[in-house]
Amino acid sequence: MSDTRRRVKVYTLNEDRQWDDRGTGHVSSTFVERLKGISLLVRAESDGSLLLESKISPNTAYQKQQDTLIVWSEAENYDLALSFQEKAGCDEIWEKICQVQGKDPALEITQDPIDESEEERFEEMPETSHLVELPPCELARLEEIADLVTSVLSSPIRREKLALALMSEGYMKKLLQLFQVCEDLDNREGLHHLYEIVRGVLFLNKAALFEVMFSDDCIMDVVGCLEFDPSLVQPKKHREFLTKTAKFKEVIPITDSELRQKIHQTYRVQYIQDIILPTPSVFEENFLSTLTSFIFFNKVEIVSMLQEDEKFLTEVFAQLTDEATEDGKRRELVNFFKEFCAFSQTLQPQNRDAFFKTLANLGILPALEIVMGMDDLQVRAAATDIFSYLVEFSPSMVREFVMQEPQQTDDDVLLINVVIKQMICDSDPELGGAVQLMGLLRTLIDPENMLAPTNKTEKTEFLSFFYKYCMQVLTVPLLASTVDEKNCKDLQEGSTKINPVCPDNFQTAQLLALILELLTFCVEHHTYHIKTYIMNKDLLRRVLVLMNSKHTFLALCALRFMRRIIGQKDEYYNRYIVKGNLFEPVINTLLDNGTRYNLLNSAIIELFEFIKVEDIKSLIAHIIDNYYKALESIEYVQTFKGLKGRYEQEKDRQTLRLNRYRRDARTLDEDEEMWFNEDEDDDGEAIEKSRPEEEFPESYGKYMEAKKVKESDNKESFPKRTPTGSFKFTFSHSAGAANGTNGANCKPATSPTSAASPNGSPAMSAAPPATTVVKTAMVGLVDYPDDEDEEDEDEEQSPRKRPRLGS
């Protein structure tokens, strides 16, 4: 790497006035032929791609901030910043910029950002000369200074001129010294003027001024000036809060004085922005963008300095996981890590990845497992925030950790079970913490983020783990609330104290709604595992008890769970619903709802409409057979009549199909007999076409003799009704085409279809010699339209199989 290159981060300012990281690379200043001038080039350190190509324009105002930042604007609302890793690199590029523009490198801003039209207007203003001549810094002139600062805020040009004047000859420090004098003299008028002056200077939005005002020597005086708001009867006591109430706690002593100073400064500046300064108006909202940037880059620097101090982090984790650590100390350590993780969000992606991997290697997850089980609500809340940062960063990392736990610990203290129990036991009436934890669980069990190419078995392994160790913990409140619906109602009616497991307790109902939302997600995304769990626990029946809840949102959650199950169009689910008569609570709820047109009514109607549109035959038959009398009076929608119509159509198809199979074989018409002949074994048919009929005289004679002998057996061959109402057929089918036997070995068939046709030709004359295989087939009462296609496929696959006579 050449001496002119320096490692930098490239930032751009977005519409929300927040800095977006564009990547890390190395900067150089080079003549670019295409741009016709010296330009700043930044190439990515990862792949060498061009992150930035910016010509150093003679008219662009560049600002140098905090020794390692260079900030400028290339177009309206397009601000850029280079954050240097080393001060030397920043100084070198700054000198190059100043050289191109012919400026003194000692300045921290190269020139005023004034376009030509603004400059022309500025020169025409007669009072221009007074803007750069500040009144002497004296008590008697404070009102004049305040009026001057306030008057320039509406003009970008005047703000720039005033900022340059204030930065010269230590003017700001002199003003702040006057504050001490006014406070000693209790000069309220002067203090009110100083408030207006300092507030206006902050709105000048100049980093160079911030460097002076936020230094250790000046910042408390700045806070003091801002206490004396003229609109307040009594001044605020911000300095007292910062020096006495707000204590800087070093969980582990910080030996780096620069780091400690940076932390103090960042906290105080953040306090000024968030607490002291009033919310800016629409016209002032961009005035404090540089203040936001100042805080942002400070946080980046703090995280980087802490992360590089390996001894410090190692000691923090050692105390966090040490059983001998007192609860108060552990609370401080957790709060420190919460702030640390929050600050880390300012890092660029690759640095943030390294940050969280460092925390994982040091043992952040086992530590969270301990603190999330503590009784201290503040500690648990802070630990939950840290856990959310980790899950957001890498769900796979968290899953990998929890899958290793069963080998080392009991089920009760598994990290995910700790999270579930904290969700269940949330004491917040609005369940704010439970909602947050439910979202984290959903992220962890979402198969969409289990597609990492490095571990293709992650989905199978983790879901098996979750349903084995965690699902029973998640469903405890649900199963407890639905264990005995009658007792639950009795408790509510006969006692003033509501049983906490009853679903009509509002907070419990909210919790059950969260659990149902998660289970509904599982139905959609965990096909096999959740199906097995529902069947084994009879879970849907338990969930549908909640249809009786007085809380409509909970009844809707239960209905949504059933709707998602039916939406899978899985016959295993359908048979389970039919066998358990699980439509009964839904239909009862519909009838109890009466004529009210509400969300519950619409949701139930949509469920049945879906069944009708998708033509789910087994469910349609069950609904009409068991519940149609209760539903036929509902005429404001055509859903149930439509279900009845579907049912009748299917019944007619079954009847037609059944009648065809019940006909006496001797009365089959010629077309039907041809259908049976054509559906004989395909291979045999191919052989038949290649050999003339005259080659089978012996076979034909023996066949007719056998027919006469067996004529009296037709009654036995006719289909008989079984006790179950089905029909049983006995028939033979040929394998001659497969085994290649000749006509002399042919045995007479005993099927009704072997009767001679009306024209005297034998019905089975096309079949080659066969060995007889007798089979019994059951003809079902339901005929599916695709059966014939499936039967044809079976014939092609096995030449020994005749068409099935029923499904």
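The values are calculated or read from the model by the stated rules, or taken from the named source; none is laboratory data. Note that the structure is predicted; figures quoted are calculated from it, not measured. All Cβ positions, glycine included, derive from the backbone under ideal geometry; neighbour counts span all protein chains shown. The area values use the complete protein model at the heavy-atom level, side chains included, leaving out ligands, DNA and RNA. Shrake-Rupley method; radii C 1.70, N 1.55, O 1.52, S 1.80 Å.
Side notes on the structure shown:
- Taken along the Cα-to-beta-carbon direction at a fixed 7 Å, the label points for Phe506 and Gln177 span 6.3 nm.
- Peptides 25-38, 326-339 ranked from most to least packed by the mean count of surrounding Cβ atoms within 10 Å: 326-339, 25-38.
- The mean accessible area for residues of region 132-280, using a 1.4 Å probe and ignoring ligands and nucleic acids, is 48 Å² per residue.
- Mean separation of Cα contacts under 8 Å, 6 or more apart, over the residue count of region 528-656: relative contact order %: 20
- Cα-based Lys proximity count in region 569-657, under 13 Å, for pairs eight or more positions apart or on separate chains: 8
- Per residue, the accessible area of region 537-635 comes to 47 Å², computed with a 1.4 Å probe over protein heavy atoms only.
- Evaluated at q = 0.19 Å⁻¹, a Debye calculation over the C-alpha positions of region 331-476 (equal weights, vacuum) places log10 I(q)/I(0) at -1.27.
- Which listed pairs, of Lys36/Lys64; Lys206/Lys247; Lys87/Lys262; Lys329/Lys459, have C-alpha distances above 27 Å, in listed order: Lys206/Lys247; Lys329/Lys459
- In plain terms, the chain from Met220 to Ala318 could stretch by 31.7 nm, reckoned as 0.36 nm per residue minus the Cα-Cα distance.
- Accessible carbon and sulfur surface of region 569-657 relative to its total accessible area, %, 1.4 Å: 51
- Potential lengthening between Lys357 and Ser394 on full extension [0.36 nm per residue; Cα-Cα distance subtracted]: 12.4 nm
- Extension gain from Asp570 to Lys249, taking 0.36 nm per residue of separation minus the Cα-Cα distance: 109.6 nm
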